[in-house]
1. Quick check on this structure: which one of R104, R100 is among the charged types (D, E, K, R) and within 18 Å of A130 (Cβ to Cβ)?
2. Given the conditions (1) surrounded by fewer than 18 Cβ atoms within 10 Å (Cβ to Cβ); (2) touching a strand residue (DSSP E or B) at 6+ places or on another chain (Cβ under 7 Å), and given that M125 satisfies all but one, which numbered condition is not satisfied?
Amino acid sequence: MNTLSGFKADDSRPPYGADLKHNLAYLIVRAYASELIFPRVQKPPVLLVERIGAFPSSGDIHRHVKDGPALLACIKQRYAADALDINECDGLNLVFADWRFSLRLSDQGCVVCLAVKSRGDSSLMQRKTAELLEQINAEEASK
């Protein structure tokens, strides 16, 4: 029996205090366990920037109008045929394959609020925003 290391000769375990830190399997298990216990969380600004890039938005654009309900009806008539979803609970919300918009009225009905969003395509969002603002301006000019 070999007792120089403090272990029996048939004991296949490394001696206590062996260099486990350099053992690749130990490092992989340790890294995996620490990721489960202490997951890396991105800083909120990074997540916000990613979300803005994924769904560009025009923000809320306010316009004074003479007849809000008539404007909503006109916009609905123009865009509803191509919409995948129409929701009129809070103004007019239309969803399309790559973009969507909401057009809400103020309590008095003399101010509309337009918000346009797209799926990762800021140029599409800008084009559709300009298109809708043209429609709003044209409808107001005809009154």
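1. So the residue among R104, R100 that is among the charged types (D, E, K, R) and within 18 Å of A130 (Cβ to Cβ) is R100.
2. Only one criterion in (1) surrounded by fewer than 18 Cβ atoms within 10 Å (Cβ to Cβ); (2) touching a strand residue (DSSP E or B) at 6+ places or on another chain (Cβ under 7 Å) is unmet by M125, namely (1).
None of the figures in this text is laboratory data; all of them are computed from the coordinates on show. Everything numeric here is computed off the predicted structure, so don't read it as measured data. Backbone-built Cβ (ideal geometry, glycine too); neighbour counts: all protein chains shown.
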